[in-house]
Every structure is written in C-alpha cells, then in structure tokens.
1. Rank B:S71, B:S204, B:S186 by mean-square fluctuation in a GNM of chain B with C-alpha springs under 10 angstrom and give only the top-ranked residue.
2. Restricting things to alpha carbons, find the Rg to Rh ratio for the stretch B:33-137 using the Kirkwood radius for Rh.
3. So what's the stretch B:101-160 giving for Rg/Rh, alpha carbon basis, Kirkwood Rh from the mean inverse pair distance?
4. GNM, chain B, Cα, under 10 Å: largest mean-square fluctuation among B:F115, B:F72, B:F55?
5. Explain nothing, just the number: relative contact order of chain B, from Cα pairs under 8 Å at least 6 residues apart, as a whole percent.
6. How many Lys pairs in the protein assembly as shown lie less than 27 angstrom apart by Cα atoms, where the lysines are 8 or more positions apart or on different chains?
7. Going through the DSSP H helices of chain B, which span 15 Å or more along their own axis at the Cα atoms while scoring at least 1.6 as a mean Kyte-Doolittle hydropathy?
8. Please report the orientation-averaged projected area of chain B, defined via the convex hull of its C-alpha atoms, in nm².
Amino acid sequence: EEATSTHDEL
Amino acid sequence: MNIFRLTADMTHLMSVIVLLLKIHTIKSCAGISLKTQELYAIVFTCRYLDIFTDFISFYNTIMKVIFLWTSFSIVWYMRYHKIVRRSYDKDQDTFRHVFLMLPCLVLALLINERFTFKEVMWTFSFYLEAVAILPQLVLLQRTRNIDNLTGQYIFLLGAYRALYILNWIYRYVTEPNYVHWIPWMSGLVQTLLYGDFFYYYFLSWKNNVKLQLPA
C-alpha cells in the first residue's frame, strides 16, 4: 500500500 | 526506521517501564495523574485501531500491543489495585479531562488528512496526546514532593516526543513528499508543554537539588 495511506509510526 | 525514531520509541517504552516499576515495586502511584494515564489509554486505543488491519512490521505490532497493554494496566492499577489506589490523591487530580477530549475530537473532525472513521480517530489521538500531559503537570504544581521516579517518568515522556520531532525532520529531508502536518504540529505543541518542566528538571539536576516546580 502507498506510504501515505497507512501510518507507519507508533 | 531511523535512529531518531528508534531512540524515541525506546525512550517512550522506558517512560512506561519506569512508571510500571514505580507502581508495581513500591505499590505507589503518588504524584501520578490518573487523568493523564486514562488519556494515554484513549490515545493508544484511537491511534492503533489499525493494529489488526494494517500490518506494518513485527516491531510496529509488538510495540502497539505493549503500549496498549501497559497503558491499560497502569489505569487498572491506579483504579482497582487495593494497595496502589490508596496512594492516588484524587482530590488533587481534579483536571476535567473531558474538556480536553471534546475540543480535540471537534478539531479532528474539522482538520484531518482523510474523513474516514479510522483517520479521524488517528488524528484525534494526536491532538489528544499533545495535551494529555496537562493533568499531570497541574498535579505536579499542586503536590510539592516530586519523587525521582515520577520526575524521570515525565522527563522520558517529554523526551520521546522531542526525539520524534528530530525523526520527522530527518524523514522530511530524506524521503520525497513525506509531509504530515498533523503529527508535526501536535508533536511540537506537546513538546513545548514540557518546556518549563524540562527547565526545572535541568536546574534540579545541575544544582543537584530536589525537583521543585514553582507554585
């Protein structure tokens, strides 16, 4: 999935 | 993942461990605001709604579980543990945290990256985390005695967000079109709120005296 859609930080 | 973010997450984890150690070993939560702990449990719940839907990495999932489990454990200890709850001074910890939650929710409904339930909840968690420390800082002003563990807990909790700002600067510089104004602004406000605490914490460390916040 493209980075913007999921938040990869805690 | 970069060194700033890893250090930030470890600092955040350390703050939670310091608090759990204090509560679990000396069975005391003196000087700790239950309101702030409840706000943090809400922050993690709203932020990690995607824990089962979006798998980022094992690290990400494990850390989410740890933060959820520890934040709810701390609230449980302070509310229901027969010994710990006795050291909670509820008549000092009177901050009406619902007055923090409502504006954050309204703001999240107005300013967000995408108007979906999960996204609004994620945004709400950032706005709420920015102000979640307020009941704790108010309680510190009221209770004169700030024991070392409480001081260390708050210091680590503030330091983790300051490190996240370094992470965001690093990612903005190194990753093309990495722009997230909502965490950035919230994180900045959150770190600034610790400003005077950091100042007095540094003074107490430099002069080797007990941490005292001015009334």
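Computed from the coordinates by the stated procedures, all read-outs in this text should not be read as laboratory data. Here the structure is a predicted model, which is why all the values come from computation and not from measurement.
1. So, out of B:S71, B:S204, B:S186, the one fluctuating most is B:S204.
2. Details: Rg = 15.0 Å, Rh = 14.7 Å.
In the stretch B:33-137, Rg relative to Rh is 1.02.
3. Working: Rg = 15.1 Å, Rh = 13.2 Å.
Taking Rh as the inverse mean 1/r over Cα pairs, Rg/Rh reads 1.15.
4. B:F55
5. Details: 245 pairs, mean separation 66.0, N = 215.
Averaging sequence separation for qualifying contacts and normalising by length gives 31 percent for chain B.
6. 19
7. Values: long enough: B:3-25 (31 Å, 1.22); B:34-47 (19 Å, 0.38); B:58-80 (32 Å, 0.75); B:98-110 (18 Å, 2.97); B:117-131 (22 Å, 0.65); B:148-174 (38 Å, 0.52); B:181-193 (18 Å, 1.02); B:195-206 (16 Å, -0.10).
The answer, listed by residue number, is B:98-110.
8. Values: hull surface 50.2 nm².
Average projection, Cα convex hull of chain B: 12.5 nm².
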